[in-house]
Amino acid sequence: MGDIFSCCYATPENTPTRQLLGPGEQPPPYHDTFLTPAMMRHLTLSEEAQLRLAQRLALIQALPAGVYDGANTDYKRMECVICMTEFILGEPIRILPCMHFYHIPCIDPWLRRSFVCPSCLAPVDTALLSAISFQDNQVEDRNVEDISIHSRNDSLLLNTTPEVSALPF
Amino acid sequence: MASKGLDQGALLLKKQLADLQRSSVDGFSAGLVDDNNLFVWEVLIVGPPDTLYEGGFFKAHLNFPKEFPLKPPKMKFISNIWHPNVYADGEVCISILHEPGEDKFGYEKASERWSPVHTVESVVLSVISMLSDPNPESAANIVAAKEVRDSPAEFKRHVRKCVRQSQDNL
Ligand SMILES: [Zn+2]
Ligand SMILES: [Zn+2]
């Protein structure tokens with residue numbers, strides 16, 4: 001009975017296609033090793049994945065961060081929607097390009113898995129981020145934060161500080 | 001702020017349990033299987049009105065990983081249920097219970113995938129909407145999916161049988 005229920009991932013579009021050798025074609029040289037082509041592909045991917053993870057970590061660190069200062073929230077308590085806990089004054093927060101913000105220890109582990117905002121699912125835009133020279137001095141970082149702050153206008157709840165990225169997460 | 005490590009998931013689940021106990025949500029009830037384990041829940045889903053599942057009471061378990069909410073729970077019907085998006089063993093297959101692809105780093109179809117802001121409530125409500133609106137295009141139960149398309153009467157007969165069974169087992 002079991003074989004009639006296939007995983008919903010196993011649709012034809014998702015099934016990896018295998019390259020077949022044409023007539024007269026030689027198998028690639030790595031056939032001489034103990035590794036199958038599939039294994040080689042896997043190794044290559046995992047190296048690439050490692051590199052991308054390293055880049056990802058750098059990008060996360062380049063995202064604006066700050067501390068929650070609770071300004072203008074006398075009438076409205078705000079909570080981090082990941083841990084469902086109210087923000088406390090002085091807690092380190094990370095602000096995404098969509099202006100949603102979260103505790104740094106809540107959002108950073110998620111961004112390592114998926115580079116989208118958990119609330120609005122907007123991609124954390126790498127095109128935007130690559131325009132930021134995050135290896136450069138902090139003045140540039142501060143400029144980016146200033147832009148973000150202006151776009152929030154008087155609903156500003158954040159007090160950003162460039163040195164927050166040094167906090168543990 | 002969230003505490004570190006294993007505690008974060010437990011704290012969050014505890015909070016959600018308290019929320020659900022304080023104000024119940026239409027269409028289901030939820031609780032722990034074992035009061036000492038916040039990571040395994042039992043829910044009782046009421047078959048949505050005006051659907052083939054109306055009148056049924058379907059029991060399901062939610063198993064949360066230690067990494068919750070970074071990783072989604074698995075949901076498995078304990079009651080017999082006939083549906084294109086439920087495996088033979090009861091496991092529910094809906095896209096929000098799938099992690100964003102690790103290798104793609106979340107870009108493709110992220111909108112349909114797991115996000116850490118999902119809760120027990122949002123997951124169960126998605127499953128209720130799945131009951132109302134089966135998706136035969138991404139089938140976990142291929143026979144049921146075929147029936148939805150080709151022989152609705154047969155599909156209805158199978159579903160109604162599960163509904164009756166669920167009433168007998170209450
Ligand atoms: Zn949080
Ligand atoms: Zn957002």
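Annotations
- Selection status of B:Phe68, open to solvent by less than 80 Å² (accessible area, probe 1.4 Å), of a type in the set (A, V, I, L, M, F, W, C) and in a loop (DSSP other than H, G, I, E, B): yes
- Long-range neighbours under 9 Å by Cβ, at least six apart or interchain, first residue more than 22 Å from B:Ala10 (Cα to Cα) within segment A:85-96, second among the acidic types (Asp, Glu): A:Leu89/A:Asp69; A:Gly90/A:Asp69; A:Arg94/A:Asp108; A:Ile95/A:Glu145
- Residues satisfying the stated conditions in segment A:75-99, i.e. within 13 Å of ligand 1 (Cβ to nearest atom) and either under 14 Å from the mean Cα position of the chain (by Cα) or of a type in the set (A, V, I, L, M) (or both): A:Met78, A:Val81, A:Ile82, A:Met84, A:Ile88, A:Ile93, A:Arg94
Yes or no, residue by residue, for (1) within 18 Å of B:Lys71 (Cβ to Cβ); (2) within 14 Å of another protein chain (Cβ to nearest Cβ); (3) modelled with pLDDT of 95 or more:
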| residue | (1), (2), (3) |
| --- | --- |
| B:Ala2 | yes, yes, no |
| B:Ser29 | no, no, yes |
| B:Asp34 | no, no, yes |
| B:Asn37 | yes, no, yes |
| B:Ile45 | no, no, yes |
| B:Pro48 | no, no, yes |
| B:Leu52 | no, no, yes |
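- Of all residues in segment B:138-156, those being at the interface with another protein chain (Cβ under 8 Å from one of its Cβ atoms) and surrounded by fewer than 21 Cβ atoms within 10 Å (Cβ to Cβ) number 3.
- Odd one out for A:Arg113 among (1) surrounded by fewer than 17 Cβ atoms within 10 Å (Cβ to Cβ); (2) more than 14 Å from ligand 1 (Cβ to nearest atom): (1)
The values are calculated or read from the model by the stated rules, or taken from the named source; none is laboratory data. What you see is a predicted model; the values in this text were computed from it and never measured. As a convention, Cβ positions derive from the backbone with ideal geometry for all residues, glycine included, and neighbour counts pool all protein chains shown. The protein model used for the area step is the full one, side chains on, heavy atoms only, and it has no ligands, DNA or RNA in it. Shrake-Rupley method; radii C 1.70, N 1.55, O 1.52, S 1.80 Å.
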